[in-house]
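The values are calculated or read from the model by the stated rules, or taken from the named source; none is laboratory data. Note that this is a predicted model, so its numbers are computed, not measured. Virtual Cβ from ideal backbone geometry, glycine too; neighbours counted across all protein chains shown.
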Amino acid sequence: MSHRDPPGIIAPHIPADDWRRAETTGAPVVIVVQSPDHTGIPWRRVLITFGVAGAAAFGTWGLVLALCTLLDATAHAITVIATTAGPIGVGGITFKLARSKNT
């Protein structure tokens, strides 16, 4: 009688007497292998969530940067207009919008 070990890494789960009895009689051996438990962190869902949050953050910072650039350009344009226009008067009240360079 030749002795064969059970296949694979599941050998310690099968009692030796049952294996040898099945080997000599030719009876089938039913091996139940449990599937791995999927209770861990679902990395795909986490990465998608962080990707969407990151894209929203970058988009928000892009809008803030665009607004700051627009306000800066507007401030420069108003400064240029104020220096070239000189004093503005409405109903006898005169506003000097910018200081002259000689004073």
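Here are a few things to note about the model shown:
- Filter result (among the aliphatic types (A, V, I, L, M), at pLDDT 70 or above, under 53 Å from the mean Cα position of the chain (by Cα) and in a helix (DSSP H, G or I)) within segment 1-40: Ala16
- Just one residue in the set Ala66, Ala85, Ala56, Ala73 is surrounded by 10 or more Cβ atoms within 10 Å (Cβ to Cβ), at pLDDT below 90 and of a type in the set (A, V, I, L, M); that residue is Ala85.
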